[in-house]
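Trainee: Handing you this structure, nothing more for now.
The values are calculated or read from the model by the stated rules, or taken from the named source; none is laboratory data. Since the structure is predicted, the reported quantities are computational estimates derived from the model, not experimental observations. Every residue, glycine among them, receives a Cβ derived from its backbone with ideal geometry; neighbour counts consider all protein chains shown.
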Amino acid sequence: MAITNSYLKTVYDGLVQRNPEQKEFLQAVEEVLESLQPVVEARPDIQANGVIERLVEPERVIMFRVPWVDDSGKVQVNRGYRVQFNSAIGPYKGGLRLHPSVNLSILKFLGFEQIFKNSLTTLPIGGGKGGSDFDPKGKSDMEVMRFCQSFMTELAKHIGPDTDVPAGDIGVGGREIGYMFGQYKRLQNEFTGVLTGKAIGAGGSLARTEATGYGLCYFTDEMLKDAGKSFEGKNVVISGSGNVAIYATQKATQLGGKVIALSDSNGYIYDPNGIDYKVIKEIKEVKRARIKTYLDYVPSAKYTEGCSGIWTIPCDIALPCATQNELDEESAKVLISNGCIAVAEGANMPSTPGAIAQFQKAGILFGPAKAANAGGVATSALEMSQNSARLSWSFEEVDAKLKGIMQTIYKNSSEAAKRYGMEGNLVAGANIAGFEKVANAMIWQGVSY
Ligand code: NDP
Ligand code: 2IT
């Protein structure tokens, strides 16, 4: 598909001209605008109100210096960012990524996708994303703490529980959120829900840690059920071995699937007997070690260097849960020829446009990231609700709400696709369903200038 509608094409061409180097951001926008063509054609008020021009430009981008001192006493400097993309339906909400690859293009793509994802959750949260090119790998706890405190010293000026509520993403988990929360509290003299993913007992929500992986499997289960299928007896391949992958492994197993492979950026493990998520939890959350050490626990498993080969393992269900563009067209063809029936994205934008085209051509089930991985941010919004009410809900209560939200997201995405004559195309359905609510709110609030 290409952008043929002249209004959308003009906006997109202008964006390419203004941001020629922002590859990932342009990739994310192009996919959404392609999906929105029938909506823009059916609704002249969208163009009349300049909705798309406004939508593709972040409301605010903050970039700042993050100086910190390493364990040897040397001053280090990283670049910090927060992209406050869209606040039409609620305070900016989205994770913080700490990874050496972080740049403005990556954070703008993530912030842009977050607008639609957050809208799909049905909860009142706008879209944002942030982070830094700081690499937490190989750093001591004290170095991570000093970095997080310095990062928050600047970020605190721009966020707040009713303004912008960051959370975790790659390289940011409970440890980093704790250091950042402590610094925010000290600076503002306020104990508020300014970050989500907080520790249990310090304002955090039960089931937030598990939420993205669980939500991904609830969504996949809905998609399978609608096609008369289930996880039962299926071989599942999951890339990554971080927060999303670990709890996707647990839930896929609980739902009757067998997870036979996991990876990190160095390589992948294959265990035909099924991977126990508790072993991965120990390796990754406690020891912060490489996936290769799985062999110390299960010597019969196989380790292969290089992460992209994971998609050559024959499986029924593939859940990419590592990073953007990790599953390309070639890998998609291999998955399909090996008999894969469903792919659902735990990571953000893990499949390249070529890979998605292959999945759609083959007619296999495909759950796009904005819909499939929305369980994490949805549960963050549930954490915000609990913080506002100064209450905490039980694990079962939060998990039940999460499951209901994922079922609703599936239903709304699949109905939106049908409504516009694209039955079964959840990419278009999720983009359209997420967009409509935001567009209506933007039109309702007028153009502020
Ligand atoms: P973690 O930092 O916990 O884990 C990331 C995993 O992905 C690690 O196994 C890591 O391997 C691997 N990985 C990261 N970057 C690369 C890369 N460039 N190439 C190969 N492998 C890589 O992050 P999360 O599990 O939280 O996030 C994973 C994905 O899910 C991301 O796309 C994130 O945006 C998305 N997501 C996360 C949510 C959340 O609530 N945490 C919510 C929704 C989406 P290594 O250790 O070797 O770097
Ligand atoms: O990509 C994502 O949705 C996240 N990293 C979670 C964001 C959040 O605010 O919980």
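Trainee: Restricting to the stretch 207-252, name every residue that is among the aliphatic types (A, V, I, L, M) and either within 16 Å of ligand 2 (Cβ to nearest atom) or modelled with pLDDT under 95 (or both).
Mentor: Looking only at the stretch 207-252, we keep the residues that are among the aliphatic types (A, V, I, L, M), and these are 207, 211, 216, 223-224, 227, 236-238, 244-246, 248, 252.
Selection gives 207, 211, 216, 244, 245, 246, 248.
Matching residues to (1) away from ligand 2 (no atom under 15 Å from the Cβ); (2) part of a helix (DSSP H, G or I):
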{"position": "340", "(1), (2)": "yes, no"}
{"position": "343", "(1), (2)": "yes, no"}
{"position": "347", "(1), (2)": "no, no"}
{"position": "359", "(1), (2)": "yes, yes"}
{"position": "377", "(1), (2)": "no, yes"}
{"position": "380", "(1), (2)": "no, yes"}
{"position": "406", "(1), (2)": "no, yes"}
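Trainee: Now for a separate question. From the residues in the stretch 333-361 that are of a type in the set (A, V, I, L, M) and in contact (Cβ under 8 Å) with a residue 60 or more places away in the chain, which one is farthest from residue 230 (Cα to Cα)?
Mentor: From the stretch 333-361, those of a type in the set (A, V, I, L, M) are 334-336, 341-344, 347, 349, 355-357; that's our starting set.
The next check asks that each one be in contact (Cβ under 8 Å) with a residue 60 or more places away in the chain; those that pass are 341-342, 344, 347, 349, 356.
Details: 341: 11, 342: 10, 344: 14, 347: 22, 349: 24, 356: 22 Å.
Once the filter is applied, the top-ranked residue is 349.
Trainee: Kindly provide the set of residues from the stretch 178-199 that are surrounded by 23 or more Cβ atoms within 10 Å (Cβ to Cβ) and β-branched (Val, Ile, Thr), ordered by number.
Mentor: Of everything in the stretch 178-199, those that are surrounded by 23 or more Cβ atoms within 10 Å (Cβ to Cβ) and β-branched (Val, Ile, Thr) turn out to be 194, 196.
Trainee: In the stretch 110-136, how many residues are near ligand 1 (Cβ under 10 Å from one of its atoms), farther than 14 Å from residue 60 by Cα and either free of Cβ contacts under 8 Å to residues at least 24 places away in the same chain or under 12 Å from the mean Cα position of the chain (by Cα) (or both)?
Mentor: 4
Trainee: Additional query: Given the criteria over 17 Å from residue 153 (Cα atoms), within 16 Å of ligand 2 (Cβ to nearest atom) and not in a strand (DSSP E or B), does residue 85 qualify? Let's see the steps before the verdict.
Mentor: Working: over 17 Å from residue 153 (Cα atoms): yes; within 16 Å of ligand 2 (Cβ to nearest atom): yes; not in a strand (DSSP E or B): no.
Considered against the rule, which asks whether it is over 17 Å from residue 153 (Cα atoms), within 16 Å of ligand 2 (Cβ to nearest atom) and not in a strand (DSSP E or B), residue 85 comes out as no.
Trainee: Next question. If I go through the stretch 263-288 residue by residue, how many of them are near ligand 1 (Cβ under 10 Å from one of its atoms) and either within 18 Å of the chain's Cα centre (by Cα) or surrounded by fewer than 20 Cβ atoms within 10 Å (Cβ to Cβ) (or both)?
Mentor: Count: 7.
Trainee: Can you work out which of the residues in the stretch 109-163 that are of a type in the set (Lys, Arg) and within 15 Å of ligand 2 (Cβ to nearest atom) is surrounded by the most Cβ atoms within 10 Å (Cβ to Cβ)? Walk me through how you get there before you give the answer.
Mentor: The initial filter retains those residues of the stretch 109-163 that are of a type in the set (Lys, Arg), namely 117, 129, 137, 139, 146, 157.
The next check asks that each one be within 15 Å of ligand 2 (Cβ to nearest atom); those that pass are 117, 129.
Values: 117: 28, 129: 31.
Here the residue is 129.
Trainee: Can you say whether residue 392 is assigned to a loop (DSSP other than H, G, I, E, B), touching a residue at least 40 places away in the same chain (Cβ under 8 Å) and closer than 25 Å to residue 164 by Cα, as far as the supplied structure shows?
Mentor: On the way: assigned to a loop (DSSP other than H, G, I, E, B): yes; touching a residue at least 40 places away in the same chain (Cβ under 8 Å): yes; closer than 25 Å to residue 164 by Cα: yes.
Taking the combined requirement at face value, the residue satisfies it.
Trainee: To continue, here is another question. Considering only the stretch 152-178, how many residues are more than 21 Å from the chain's Cα centre (by Cα) and either charged (D, E, K, R) or within 16 Å of ligand 1 (Cβ to nearest atom) (or both)?
Mentor: Number of matching residues: 3.
Trainee: Of the residues in the stretch 361-375, how many are in a loop (DSSP other than H, G, I, E, B), among the aliphatic types (A, V, I, L, M) and over 20 Å from residue 214 (Cβ atoms)? Full working, then the answer.
Mentor: Of all residues in the stretch 361-375, those in a loop (DSSP other than H, G, I, E, B) come to 363-364, 368, 373-374.
Restricting the remaining residues to those that are among the aliphatic types (A, V, I, L, M) gives 364, 374.
Cutting the leftovers down to over 20 Å from residue 214 (Cβ atoms) gives us 364.
Number satisfying all stated conditions: 1.
Trainee: Next question. Looking at the stretch 215-257, which of the residues that are within 16 Å of ligand 1 (Cβ to nearest atom) and aromatic (Phe, Trp, Tyr) is nearest to residue 292 (Cα to Cα)?
Mentor: Filtering first and then ranking leaves 247.
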